[in-house]
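Scroll down for the structure; my scribbles are underneath it.
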Amino acid sequence: MVKVSVLQHDLSAHTTTRPGDPTPVSRNLNPLMHPFSRARERTRALNAAKMDRMFAKPFVGALEGHIDAVEVLAKQGDSLSTVASGSWDGGVIVHNLSQRTHIARLPQAHKGKVTGLCFAGDSRLLSCGVDRNVKLWKIASDEPLNVFPGKYAFNSIDHQRSLSLFATASTLVQIWDETKSAPISNLTFPTSTETISSVRFNLSESSILASVGSDRTFTLYDIRTGKAERRVVMQMRANALSWSPTFPTNILLASEDHNLYAFDIRRLNAPSLIYKGHVAAVMSCDWSPTGTEFVSGGWDRTVRIWQTGQGHSPEVYHTKRMQRVTSTLFTNDARFVLSGSDDGNVRIWKGKASERLGIVTARERAAIEYRSSLVDRWKMDREVGKVVRTRHLPKPVYAANKLKNTMLESRRVKEERRRKHTRAGESKPKSERKKVILAEQS
């Protein structure tokens with residue numbers, strides 16, 4: 001007779017448990033058994049919103065080296081850590097963000113302030129300044145590869161993605177070829193007497209570029225036809241512009257009237273959205289690579305991060321030592337923001353103020369996402385929404401914001417009274433978006 005032995009396995013010995021893991025508990029999911037689930041969830045959402053503000057420490061560090069105001073910032077397209085900065089002292093520094101070191105330093109790149117920077121490929125850099133010269137640099141070299149002399153002081157520069165062409169802004173927009181010492185094309189408007197302050201190529205349609213000028217104009221050019229295609233006159237002049245990386249027809253303008261305007265270039269009769277929050281002139285703006293948010297900096301000494309489609313309640317960054325912000329930039333991984341200001345420092349900020357830097361485990365990531373979804377679900381609650389929206393502002397900014405709101409309210413009351421005491425139908429109210437564009441020139 002054959003004996004058969006039965007092997008018994010201890011299933012508990014094969015379960016993968018770690019120290020600190022919660023004990024598995026079976027739970028009845030019947031909603032009738034949990035009458036206070038919504039109250040508990042609201043309390044968790046409120047605590048999550050408070051914790052998000054408690055751990056909001058956005059400042060990461062500062063990149064030093066300039067002895068005067070930082071005028072312009074530029075990032076390398078295929079690198080996460082390479083950024084260049086140009087200053088009023090005529091110097092250009094190429095930084096490594098991850099190591100916080102200088103890759104290259106050009107203390108006398110230009111005579112006078114550097115007004116424009118852009119990368120031209122892997123290891124080349126274009127710079128321009130008020131000394132009427134454009135210089136092409138090899139990042140590892142102290143001498144320029146080429147110098148392009150101009151007739152006027154340059155205010156901005158941008159390189160095309162696909163070809164060896166770049167555009168400069170002075171009293172007119174000029175198209176240059178890296179292999180030639182003179183501009184190959186001059187793009188002007190027939191009746192224009194403006195000074196171009198900023199020029200940018202479209203990120204998708206590389207033959208289209210846009211510019212803003214001192215005479216409150218916003219102009220679109222096509223280098224294939226060699227002329228200006230559309231030109232609109234705004235109520236106040238714009239200081240900077242930035243093309244959306246995900247929607248090729250969307251463009252953002254930073255204006256002198258404390259606002260940012262998002263336009264669809266197919267319909268330039270009115271902006272698609274107005275972003276209000278700054279209390280002084282907005283000097284710079286830049287989109288995140290994801291296209292879901294953008295950063296702006298202004299003379300109110302604050303850096304603000306906006307969500308696309310939400311024209312209010314931005315994230316506000318500030319320090320006691322930071323002066324007027326002249327340039328802002330999103331890194332290529334959308335995790336960090338850079339700002340250059342009058343005090344000569346390039347500051348590094350978190351893209352999300354309460355984000356934890358370093359290694360995050362799967363459990364921590366799940367908890368972070370759960371708390372974020374809770375806050376998003378309960379953000380319409382009065383207490384949760386107040387915690388989410390409230391931001392600490394410096395006293396001068398708070399006072400200026402209060403004064404600005406008072407002035408806007410008095411203006412609204414004045415217009416309402418004027419409309420009330422005029423003949424019916426003689427004066428019709430005009431929306432804020434319709435007031436931005438004064439005329440389109442062709």
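The values are calculated or read from the model by the stated rules, or taken from the named source; none is laboratory data. Note that the structure is a prediction, hence the values are computed from the model and not measured. Cβ: placed from backbone, ideal geometry, glycine included. Neighbour counts: every protein chain shown. Keep in mind that these areas ignore ligands, DNA and RNA; they rest on the heavy atoms of the full protein, side chains included. Shrake-Rupley method; radii C 1.70, N 1.55, O 1.52, S 1.80 Å.
Projected area of the stretch 219-285, taken from the Cα convex hull and averaged over every viewing direction, in nm²?
With every direction weighted equally, the projected area is 4.9 nm².
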Practice task
Using a 10 Å Cβ count of at most 16 others and DSSP loop calls, identify the longest part of the chain lacking such chymotrypsin sites (Phe, Trp or Tyr not before Pro).
Solution key: 153-442
Completion exercise
Computed from every Cα-Cα pair in the chain, P(r) in 10 Å bins starting at 0 and rounded to whole percents is 4, 18, 26, 22, 13, 8, 4, 2, 1, 1, 0, 0
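Beyond a 30 Å Cα-Cα separation, which of these cross-linked pairs lie in this structure: LYS276/LYS420; LYS276/LYS350; LYS135/LYS434; LYS113/LYS320; LYS113/LYS435; LYS57/LYS430?
Values: LYS276/LYS420 28 Å; LYS276/LYS350 22 Å; LYS135/LYS434 42 Å; LYS113/LYS320 25 Å; LYS113/LYS435 35 Å; LYS57/LYS430 42 Å.
The answer is LYS135/LYS434; LYS113/LYS435; LYS57/LYS430.
On alpha carbon coordinates alone, what is the Rg over Rh value for the stretch 199-247, Rh being the Kirkwood radius?
Values: Rg = 11.0 Å, Rh = 11.3 Å.
We get a ratio of 0.97 for the stretch 199-247.
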Exercise for the section: Just the number, please: carbon plus sulfur as a percent of the accessible area of the chain, 1.4 Å probe, no ligands or DNA/RNA counted. Expected result: 53
Practice task
Taking a cut-off of 15 Å between Cα atoms, list the aspartates and glutamates near LYS151, but don't count ones fewer than 8 places away on the same chain.
Solution key: ASP131
Practice task
Would you calculate the separation in nanometres between label points at SER442 and ASP381, each defined as 7 Å from the Cα along the Cα-to-beta-carbon direction?
Solution key: 5.5
Completion exercise
In the stretch 120-197, the trypsin sites (Lys or Arg not before Pro) that sit in a DSSP loop and have at most 10 other Cβ atoms within 10 Å of their own Cβ are LYS151
Practice task
At q = 0.09, 0.21 Å⁻¹, what is the base-10 log of I(q)/I(0) for the stretch 203-360 according to the Debye formula with one equal point scatterer per Cα and no solvent? Please give it to two decimals.
Solution key: -0.29, -1.39
Exercise for the section: Taking the Cα atoms of the stretch 13-129, report the difference between the largest and smallest coordinate on each principal axis, in whole Å and largest first. Expected result: 76, 39, 23
